[in-house]
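The values are calculated or read from the model by the stated rules, or taken from the named source; none is laboratory data. Computed from a predicted structure; not experimentally measured. Methodologically, a virtual Cβ is constructed for each residue, glycine included, from the backbone with ideal geometry; neighbour enumeration extends over all protein chains shown. Just so you know, the surface numbers come from the protein's heavy atoms only, side chains and all, with ligands and any DNA or RNA stripped out. Shrake-Rupley method; radii C 1.70, N 1.55, O 1.52, S 1.80 Å.
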Amino acid sequence: MSDLPALVRGEDGERRCWWAVSSPEYLAYHDEEWGRPVTDDDGLYERLCLEGFQSGLSWITILRKRENFRAAFAGFEIDAVARFGARDVKRLMADAGIVRNRAKIEAAIDNARAAARIREELGSFAALLEPFHERRARAPRTRADLPPTSLASVALSRELKRRGFRFVGPTTVYSTMQACGLVNDHMAGCVARSAVEAARRASRG
C-alpha cells in the first residue's frame, strides 16, 4: 500500500488525497466536507449513523444515498429519530433509497435516544466528543500512515458503547472522527489540508 501514490493531481492541477478524484461525489466530499469540524449535535449524529450504515459497503454507496437517508431519518434530528417506533422501522425497511439493514436501522434509532440522553446530561452531544480531538505529530505522507483505528477511537468507542450506542466499533468511530474533523487525515501536500487545519483551530477557539 505504501508504494501506491498518496496524492493525485486533479483536472484543476491541484494535488489531493488519492481517493478524492475517483468520482464527482468523492471530489465534493473531500474538498467541502471531509475533515472539517462538525460541531452541531444533529450533524455529528448524522455522520456517526452514516459511518455505521457504511460498514461492509463502499462509502460511495452511502454518499449517493445520503439525501434519501436524510429524508428517511427526519433530517437526522436527534429528538425526531429518538421518537421513532416499530412503524418507522417497518417504513425504513421498505425504503429502497437507503440501506435496508434492520440491525443498522434499529441501531440508528437507539443511538438517537442515547445521544438525547447525553445532551440532557452534558448539554450537548458534541461535549462528549470534544475531549477526543487528535493532533498528529506530522501529516500522513503515505497510505500506510493512515491507521484504521487510533487510541482515541478505541477509547471513544468504549465510551459510546457504555452509554448505549451500537455499531460504534473503533474503526467506525475513527472514520467518524475523520469525517467530523476530530482528526485531520488529509495527506501532506493535499490542497485541502491547510484549510481543514485552520478550520479545526478556529473551531476550538
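Quick notes on this one:
- Only Lys, Arg (+1) and Asp, Glu (-1) charged, at Cβ; region 17-109 dipole about Cα centre in debye: 580
- Probe 1.4 Å, protein heavy atoms only - accessible area per residue of the chain in square angstrom: 49
- Rolling a 1.4 Å probe over the protein heavy atoms of the chain, with every protein chain left in place, gives an accessible area that is 50 percent carbon and sulfur.
- The mean sequence separation of alpha-carbon pairs under 8 Å and at least six residues apart, normalised by the residue count of the chain, gives a relative contact order of 31 percent.
- Helix 41-54 and the longest principal axis of the C-alpha atoms of the chain enclose an angle of approximately 80°.
- If the segment from ALA94 to ARG204 were pulled out straight at 0.36 nm per residue, it would be longer than the present Cα-Cα gap by 35.5 nm.
- Dipole check for region 94-205: with +1 at the C-beta of Lys and Arg, -1 at the C-beta of Asp and Glu, and the Cα centre as origin, the magnitude is about 180 Debye.
- Charges were assigned to the Cβ only: +1 to each Lys and Arg, -1 to each Asp and Glu. The resulting dipole of the chain about its Cα centre is roughly 540 debye.
- With Cα atoms, 0 to 90° folded angle of helix 170-180 axis to the chain main axis: 70
- With K and R counted +1 and D and E -1, the other residues having a Cβ less than 15 Å from that of ARG166 yield a net charge of +4.
- Cα centroid of region 24-74 to Cα centroid of region 1-20, whole Å: 22
- Other residues lying with their Cβ under 14 Å from the Cβ of ILE62 contribute a combined charge of +2, Lys and Arg counting +1, Asp and Glu -1.
- Calculation over all alpha carbon pairs of the chain in 5 angstrom steps from 0 returns a P(r) of 1, 7, 15, 20, 19, 16, 11, 6, 3, 1, 0 percent.
- Counting only Cα atoms, the size of region 1-87 along its three principal axes is 48, 26, 22 Å, in decreasing order.
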